[in-house]
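**Q** Handing you this structure, nothing more for now.
Since every read-out is calculated from the coordinates, none of them should be taken as a lab result. All figures in this text were calculated on a predicted structure; none of them were measured in a lab. Cβ: placed from backbone, ideal geometry, glycine included. Neighbour counts: every protein chain shown.
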Amino acid sequence: MTSIVQNLAPPTTIGQALPPWMKIEWPPEVEQGIYKDWGAYYSRRRRENFAMYYYDKALNLAPGDFVTLYHRSQSKRKTAQTEGALNDSYEAKKIVQGFNIENAPINLEICDALYELNQFENAKAELHDNMRLFTGNKTKAFEKRLIVVDENIKDTCGEGLSPFISENEKLIFHVKELLNAQSIVDSRPLWKILKEQGKCDVLSIPDIEEELLSPLEVARRKRCFDVFNQVYMDKSWIDVLFLRNLRKNPNLLLEQCKNSKDYLSALTTKQYDVVMKFLKMLQARCPLYYVRYIKYKNKRMLTKFREDYLFRIQYQTRRNMISVLRSIRHLRETKNVARLSKYVEEVMGDYVVLKTHRIMPWKFEFMNEVYNTLALALVEQYKVPKHFKQSERNALLKVLRLPTDKSKDFLTFVFGDRSTHQEPDLVDPSMIKSRHMITRLEKRMAFANYSIERCYLLHQIGSTHLKTNRFDECCFAARKAIEESKNCNSYLWNFLSHILITKAHAALHKVERTKEVLAKAHEIALKLGSLRIVHFVEMCIACNEEEYIMKKASLSANASRRESRVSVRSSRSESSII
């Protein structure tokens, strides 16, 4: 009695943590049966990972047990490991055939695995073979599955396929060419392949180019993903989207949680792959083009639906564009340039960029109107302040609206004051914001089709660099904007780019280069025909000349001081010699 109580007591050491049945030295046959029962127990409760674990332990003790292989194949199919399930079924079939017997459930499992691998032709052939092999009630399961396979083949290759091929003939040939190119395996060394392509092969490690997708292509793929899930998952499609975003969610994968981060990352990725495999099975059995064909069998009805949808989107886009232009003009009248720039970037970078010429036939005219209005608002802010004196200190910086006191940007360290402490790894949020902005503008630059849009993007890149005191990058972007402005004959953006370069040189007190740029800006201001802009540029030139005179006077004064010091030293040395 005491021994039974001791066995039921909670474990006190690592050795006593094993279950009681594992302490007994069972024969291999009995232990294999225990593991198989545990696998069946967990499989009935849909805990397939534990089930396969115990099935693996049972197969290690008895590799030739076809029953265990059959059950493990079923567990693998439940977790979308269909390739492994098919291999287990084939192995079980070989073992059974070694005993000169035929097992209908194992053959049925092979047919199910082929069907779930979307190999409908092979599954159909296997079902026909089994229907000839077995007789009686054993053939009923194969007959039912044969009906399903025939209907799936009819859906995929039936009446809905011809309209789909006729509409996407060019795309199908393009995909076929890509698949043929990928199937060709080049067995030559990497350096020979790259040598023919004219590429460098120093380390034999090719650079992986990042796939840069246009905003329109990103929106198309997102829409296709949503439609795909909505068709096959109905109202549960939002859960698939949530699981997809959960794989890279920083709130779940915390850097501080060293143990759980990798486990949760692997778990979410695995579960998402399982869901997508099942969705691909559904898509292979009933493709999207067949769903659309069933929904709109009448071609006239489909054409009318498309036209109505197109017209509705066009009218709504037109109303939105009129509202946008009204808002932009209002912001220009109120002289709120910062808010206007932000609003234009949001509209053009998030909304208009996703509109095609079919939806928005007036896209080019609208872009011209928006960017020219913004350019006018930016030019209008350049004016000479009231009661301005060109003889005062840093007059050019004040006219150009640049900060004149840089010492306010830097905090002096004060012992005991924690607000002045500078952390070595502290990241400036303004720098992060500017990098994100530049990255966004550069991505838009890769897909900008019009010169006036590239002028705007390059000007904004240069302006962002100027705000973070990267003057060389600012001048580089502004010069590229000047070249683009010549392509579209835009004097406004040409003038704004020259002013941007002027600001960069003036901040560094490069007087001679500022003089050259202001001379070009004066020529463009005369072409613009605005007396206020011409007066502004002439005032900048006068301030720059004043600064040049002051700088030259200070240099001559410093030179005279050095000469006087040298003469004093030489006279002292002569007197000491005498």
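**Q** Can you confirm whether region 482-504 contains a residue that is within 29 Å of the chain's Cα centre (by Cα) and either assigned to a helix (DSSP H, G or I) or of a type outside the set (A, V, I, L, M) (or both)?
**A** yes
Let's see how each residue does on (1) surrounded by 13 or more Cβ atoms within 10 Å (Cβ to Cβ); (2) among the charged types (D, E, K, R); (3) closer than 24 Å to residue 279 by Cα; (4) without any contact (Cβ under 8 Å) to a residue 40 or more places away in the chain:
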| position | (1), (2), (3), (4) |
| --- | --- |
| 159 | no, yes, yes, no |
| 169 | no, yes, no, yes |
| 179 | no, no, yes, yes |
| 226 | yes, yes, yes, yes |
| 241 | yes, no, yes, yes |
| 247 | yes, yes, yes, yes |
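**Q** Filter region 327-362 down to the residues that are outside any loop (DSSP other than H, G, I, E, B) and over 26 Å from the mean Cα position of the chain (by Cα) and list them by number.
**A** Listed by number, the residues that qualify are 327, 328, 329, 330, 331, 332, 333, 337, 338, 339, 340.
**Q** Next question. Does residue 106 meet the test of being closer than 24 Å to residue 43 by Cβ, in contact with a Lys or Arg (Cβ under 6 Å, 6 or more places away or on another chain) and in contact (Cβ under 8 Å) with a residue 12 or more places away in the chain?
**A** Judged against the criteria, residue 106 is a match.
**Q** Scan region 209-248 residue by residue and report those that are within 14 Å of the chain's Cα centre (by Cα), assigned to a helix (DSSP H, G or I) and basic (Lys, Arg).
**A** Hits for region 209-248 are 220, 221, 222, 244.
**Q** Among the candidates 183, 187, 214, 265, single out the residue that is surrounded by 10 or more Cβ atoms within 10 Å (Cβ to Cβ), small (Gly, Ala, Ser) and free of Cβ contacts under 8 Å to residues at least 60 places away in the same chain.
**A** After ruling out the rest, the residue left standing is 265.
**Q** Then there is this: What tally of residues in region 109-166 results from selecting those that are under 38 Å from the mean Cα position of the chain (by Cα), more than 30 Å from residue 303 (Cβ to Cβ) and of a type in the set (Gly, Ala, Ser)?
**A** 1
**Q** Let me ask something else. I'm told residue 252 meets every condition in (1) without any contact (Cβ under 8 Å) to a residue 60 or more places away in the chain; (2) of a type outside the set (S, T, N, Q); (3) touching a Ser or Thr at 6+ places or on another chain (Cβ under 9 Å); (4) assigned to a helix (DSSP H, G or I) except one. Can you identify the failing condition by its number?
**A** The number of the failed condition is (4).
**Q** Report whether or not residue 333 is without any contact (Cβ under 8 Å) to a residue 12 or more places away in the chain, closer than 30 Å to residue 375 by Cα and exposed (fewer than 11 other Cβ atoms within 10 Å of the Cβ).
**A** Yes, satisfied.
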